[in-house]
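Have a look at the structure below, then the notes.
Readers should treat all values here as calculations from the given coordinates under stated rules, not as data from a laboratory. Please read these numbers as outputs of a predicted model, since none were measured by experiment. Reconstructed Cβ throughout: ideal geometry from the backbone, glycine too, with neighbour counts over all protein chains shown.
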Ligand SMILES: [Zn+2]
């Protein structure tokens, strides 16, 4: 059976509808199917109406439209600040040394209520779905980890029948992933009740692979993915292909087992000049593993964000679009 390849990008940073419209037109012309709009706490506070218009415009351009809790509560991935973390000190994650971490605790009832309200606002926008990106606990370095707040300590004692250790033992790691799983399960259920599709991207951490199944099991989850980026790992060429292919295989296996749609995110930021062909290797690695829902971070190779702009954004963007087109036309690039 021929499966259809769908491709898309994330989009952020532009809130002027004239420019958004032009960019969406460019996406449609380039043959993209999907757009993920960041919907940060800043957007929630000051741009909700604008986002509603952006979502409508996206659908007018024929794009399936997701929104992303970008950096919300410091729990999801994204270069955005959190007002919730600033205001709700008692919901903060607590470092092992007792200091407050700059992120909210996924187990705190206030955090759950806040994120649930984010999902309701996302539904108000008229989006097709929500995209939960890289849920994680705050970690500054291996020794200074969070969270050992009173809520986490109580939950840990209930689940494991012993006090929470002050080192990040395998039990603590497992507890944290189960905590994130419970949060995502709750948010996915909330989203489904509001007729939103749900998508989750897991961080490609080697030591966490054994726990991915707990996320795949979430009944209200539609799309399961990961983002095996390679530049910070120093990988090149066939090593990029192998890296993406391996994580794509993990996702594909779990997705098949639990009837989810597998998705892979392709790195389209921070690509050094001269290594643009690695983007094509990544697309090929994902497709060869049987993953046909491909997304890239981000539109126009993230040229607008100096922090992670590639050496030659235009070359990255054209290479990505070419690889996407090849994947769509032939099934393999
Ligand atoms: Zn906690």
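What to note about this one:
- In the calculated pair-distance distribution of the chain, the portion above 27 angstrom amounts to 44 percent of the Cα-Cα pairs.
- Calculated FRET efficiency for the pair residue 29/residue 162, C-beta based, R₀ 45 Å, to 0.05: 0.15
- Ranking of 196, 44 by neighbouring Cβ atoms within 10 Å, starting from the fewest: 44, 196.
- Fewest-first ranking of 305, 164, 27, using other Cβ atoms within 10 Å as the exposure measure: 305, 164, 27
- Difference of contour (0.36 nm per residue) and Cα-Cα distance, residue 305 to residue 213: 29.7 nm
- Three-way shape label, segment 169-253, alpha-carbon gyration tensor, a/c 1.5: oblate
- Among 201, 149, 105, the order by Cβ neighbours within 10 angstrom, fewest to most, reads 149, 201, 105.
- Antiparallel bridge percentage (DSSP; both residues within the chain; nearest 5): 10
- Separation in nanometres of the label points that stand 7 Å from Cα toward Cβ, at residue 120 and residue 3: 3.7
- Two-site FRET efficiency, residue 256 against residue 113, from Cβ-Cβ distance with R₀ of 51 Å, rounded to 0.05: 0.90
- Between segment 144-204 and segment 34-91, the C-alpha centres lie 22 angstrom from each other.
- Using C-alpha pairs under 8 Å with a sequence gap of at least 6, the mean separation divided by the residue count of segment 83-181 gives a relative contact order of 29 percent.
- Computed over segment 213-306, Kirkwood Rh from alpha-carbon pairs, angstrom: 13.6
- Relative contact order %, the chain, counting alpha carbon pairs below 8 Å whose residues are six or more apart: 15
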